[in-house]
Amino acid sequence: MDPLDRAQVLLLCDQCQKAALQSHCELCQINLCKACVGEHLSDSSKRHNVVPYKHRTAIPNVNYPKCPNHTQKHCELYCEKCDIPVCSTCISSGKHHGHKLTNVLQNPSFIKEILNNDLKELEKRICPTYEEIALDLNSEIINLEKNYEKLTTAVTKQGEDWHREINIIVNKRKSEIDEMKSKHLAALNKEENEIKQITSDVTQSIFDLKKILDSNDVSLASAYKSKNAEFKSLPPKVNVLLPSFSPHQINTELLHQMFGSLSSLSNTIVYHYLEVHYTLG
């Protein structure tokens, strides 16, 4: 339970300082009694938000002073009779029963203490921490170009390696094609030479026969030996099938996998780093 709620009967209206408070204006951060609410709302220059005191929104991030008697507690109230700040445990003890209690933030000396505490924390802990973070971030930014250049160099080298291997494969295939072409051409040239030789022999036989027939020389005719049977036996035809190239379909997805992958950009490490090394609590 809020210590101010437990001591509500002893807390007075901030405006009249006479009647017990019942309401709270969240816009003006002021506590009001029933009689003063109407007067407060009469100021139409602001859009006041008056709520029952127990339903008020707590002021966030206020560094209330620590209780000198209960080190785990913070003093949200100030006992005007005893002239000391008190915490919820102090109030529960009954030592301040019947005393006038006010919000510690209404006491100028403690407001100054709170401000000094905030200033000390800002100067000694919070600001140096952010400065350290800024230095680390600056170092990361400086190293960013270098690190990404390494990635680019690695990818470029991989590409050059692939191009080199592809060129080796291409040149090997070209060499194989040239070798097959040479063998094919040699076979055809050999067959052509044989046909030319046989054609020459046939032409000679025709010439010889015409000469015998024109001479009417019986001895030449008797000595003639026919080669037609030999010429009718045609030499075997060399059938060489032209080689073909069957390119494999490029599997782009597999190509990307084989080339190499980049890990995704992740900021998980950054968040963990802040939580571990820059805790301000």
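Name the residues in the range 10-32 that are at pLDDT 80 or above and among the aliphatic types (A, V, I, L, M), would you?
Ala19, Ala20, Leu21, Leu32
Which number in (1) within 23 Å of Pro235 (Cβ to Cβ); (2) within 40 Å of the chain's Cα centre (by Cα) marks the one condition that Thr153 misses?
With respect to (1) within 23 Å of Pro235 (Cβ to Cβ); (2) within 40 Å of the chain's Cα centre (by Cα), Thr153 is out only on (1).
Can you name the residue in the range 90-105 that is surrounded by fewer than 21 Cβ atoms within 10 Å (Cβ to Cβ) and at pLDDT 80 or above and is also farthest from Gln15 (Cα to Cα) among such residues?
The qualifying residue farthest from Gln15 (Cα to Cα) is Ser93.
Filter the range 33-74 down to residues that are exposed (fewer than 13 other Cβ atoms within 10 Å of the Cβ), modelled with pLDDT of 75 or more and of a type in the set (S, T, N, Q), then give me how many there are.
Number satisfying all stated conditions: 5.
Looking at Ile206, is it touching a Phe, Trp or Tyr at 6+ places or on another chain (Cβ under 7 Å) and part of a helix (DSSP H, G or I)?
No.
When you go through (1) assigned to a helix (DSSP H, G or I); (2) small (Gly, Ala, Ser); (3) under 22 Å from Cys13 (Cβ atoms) one by one for Ser139, which number turns out not to apply?
Status for Ser139: all satisfied but (3).
For residues in the range 191-219 being within 30 Å of Ser244 (Cα to Cα) and touching a residue at least 12 places away in the same chain (Cβ under 8 Å), which is nearest to the chain's Cα centre (by Cα)?
Only one residue tops the list, namely Glu191.
I'd like to verify a number: residues in the range 221-254 that are in a loop (DSSP other than H, G, I, E, B), within 60 Å of the chain's Cα centre (by Cα), exposed (fewer than 10 other Cβ atoms within 10 Å of the Cβ) and not aliphatic (A, V, I, L, M), how many?
So the first thing to find is which residues in the range 221-254 are in a loop (DSSP other than H, G, I, E, B), and the list is 224-227, 233-251.
Narrowing the set further to residues that are within 60 Å of the chain's Cα centre (by Cα) leaves 240-251.
The next check asks that each one be exposed (fewer than 10 other Cβ atoms within 10 Å of the Cβ); those that pass are 241-242, 244-250.
Add one more test, that the residue is not aliphatic (A, V, I, L, M), and what stays is 244-249.
Qualifying residue count for the region: 6.
How many of the residues in the range 106-120 are within 18 Å of Asp14 (Cα to Cα), polar (S, T, N, Q) and either in contact (Cβ under 8 Å) with a residue 12 or more places away in the chain or not in a helix (DSSP H, G or I) (or both)?
2
May I ask you to verify whether Leu77 is surrounded by 15 or more Cβ atoms within 10 Å (Cβ to Cβ) and among the aliphatic types (A, V, I, L, M)?
Taking the combined requirement at face value, the residue satisfies it.
The values are calculated or read from the model by the stated rules, or taken from the named source; none is laboratory data. Fair warning: this is a prediction, and the values are worked out from it, not measured in the lab. Counting neighbours? That spans all protein chains shown, and the Cβs are built from the backbone with ideal geometry, glycine included.
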